[in-house]
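Here is the structure we will look at, set down as structure tokens.
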Amino acid sequence: AKGQGSIMSFFSKK
Amino acid sequence: MLEARLDTANLFKSAVDAIKDLVQDCNFDCNDSGIALQAMDNSHVALVSMMLKAEAFSPFRCDRNIALGVNLTSLTKVLRAAGRDDTLTLKAEDAPDVLNLVFEATAQDRISEYDLKLMDIDQEHLGIPDTEYAATISMPSAEFKRITTDLMAMSESVTIEATKDGVKFSSTGDIGNGSITLRQHTPVDKPNETVEIELSEPVALTFSLKYLTNFCKAQPLSNQVKLCLSAEVPLMVEYGLEGGSYLRFYLAPKIGD
């Protein structure tokens, strides 16, 4: 099964 | 101070309605270019980014940056009191404790006024990089809603595959599998039914249907929705509004096997 990625691993904090 | 008036409350009601189940507390960041909002859902899987440009309002006035920390459940309660065709005026002082909302039904000479208590929300903003997406699909928003609802009956996730032949949404679950394929379609007399696929390279990604069905609550905002995909980056789902305003959702893909 595929796991759910986190949006924070793609977009960095400003 | 902020003063922003919409001809019809409809736009703001529908926008808040579309995001209130995804995010609870968020800042409406107001400046002279308009009212913006960025917030992640609790599990940090999805991100909402809304921009209501100053041009969407008439008049619009905001002298300095004001962050309105709002609980969306509370805002929804207040907005329920606004008729869809009422004019809506948002007002706030420079360092506000409350957001003042005025709904006017001009035909009935009826004016209602509410103050919504604001809260301090310490929210981190994420930088969303400009992305050249491998595939951009424009399609009727009602069709996207139907597809996500139908496939939700099969599985909790959907694979979206864009090729030169079309875009395929497919799900596999305990009871079997299902798929819907849309091909490019540009009826001259019905522009709202257009399906357009811009492709620089084929791409296939898997996403949680729970989030996609949630995004579809924005369907009343726009007849068309845009899906932007690239390998291994979040999907962008965009509901374009008049004058360059928008409501965008970003969803992290499912990863691994």
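Read-outs: derived from the displayed coordinates by stated rules, not from any lab. Quick caveat, the model's predicted, so the values are computed rather than measured. With ideal geometry, Cβ positions are generated from the backbone for all residues, glycine too; neighbour counts draw on all protein chains shown.
Looking only at segment B:1-24, residues that are charged (D, E, K, R), under 16 Å from the mean Cα position of the chain (by Cα) and not in a loop (DSSP other than H, G, I, E, B) come to 2 in all.
Put simply, of B:Thr159, B:Thr181, B:Thr172 the only residue that is closer than 23 Å to B:Val233 by Cα, within 14 Å of chain A (Cβ to nearest Cβ), surrounded by fewer than 17 Cβ atoms within 10 Å (Cβ to Cβ) and of a type in the set (Ser, Thr, Tyr) is B:Thr172.
What are the residues in segment B:38-68 that are of a type in the set (Gly, Ala, Ser), out of contact with any Ser or Thr (no Cβ under 9 Å at 6 or more places or on another chain) and not in a strand (DSSP E or B), if any? Even if it seems obvious, please write down each step before you answer.
Residues of segment B:38-68 of a type in the set (Gly, Ala, Ser): B:39, B:43, B:46, B:49, B:54, B:56, B:58, B:67.
Filter once more, so that each one left must be out of contact with any Ser or Thr (no Cβ under 9 Å at 6 or more places or on another chain): B:49, B:58, B:67.
Result: B:Ser58, single match.
Pairing residues of segment B:124-142 that are free of Cβ contacts under 8 Å to residues at least 24 places away in the same chain with residues that are among the basic types (Lys, Arg) and surrounded by fewer than 13 Cβ atoms within 10 Å (Cβ to Cβ), at Cβ distances under 7 Å and at least 6 apart in sequence or on separate chains, gives B:Glu124/A:Lys13; B:Gly127/A:Lys14.
Yes/no matrix, rows are residues, columns are (1) within 12 Å of the chain's Cα centre (by Cα); (2) within 13 Å of chain A (Cβ to nearest Cβ); (3) part of a strand (DSSP E or B):
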residue	(1), (2), (3)
B:Lys210	no, yes, no
B:Val233	no, yes, no
B:Gly243	no, no, no
B:Tyr250	yes, yes, yes
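Checked against (1) away from chain A (no Cβ under 14 Å); (2) surrounded by fewer than 17 Cβ atoms within 10 Å (Cβ to Cβ); (3) not aromatic (Phe, Trp, Tyr); (4) not in a helix (DSSP H, G or I), B:Asn192 passes all but condition (4).
With respect to the conditions (1) more than 14 Å from chain A (Cβ to nearest Cβ); (2) among the basic types (Lys, Arg); (3) surrounded by fewer than 20 Cβ atoms within 10 Å (Cβ to Cβ), B:Lys226 lacks only one, and its number is (3). Looking at segment B:37-68 only, could you name the residues that are surrounded by fewer than 17 Cβ atoms within 10 Å (Cβ to Cβ) and within 14 Å of another protein chain (Cβ to nearest Cβ)? Passing the criteria: B:Asn42, B:Ser43, B:His44. Just one of the listed residues (B:Ala18, B:Ala36, B:Ala4, B:Ala82) is in contact (Cβ under 8 Å) with a residue 60 or more places away in the chain, among the hydrophobic types (A, V, I, L, M, F, W, C) and closer than 30 Å to B:Leu209 by Cα, namely B:Ala18.
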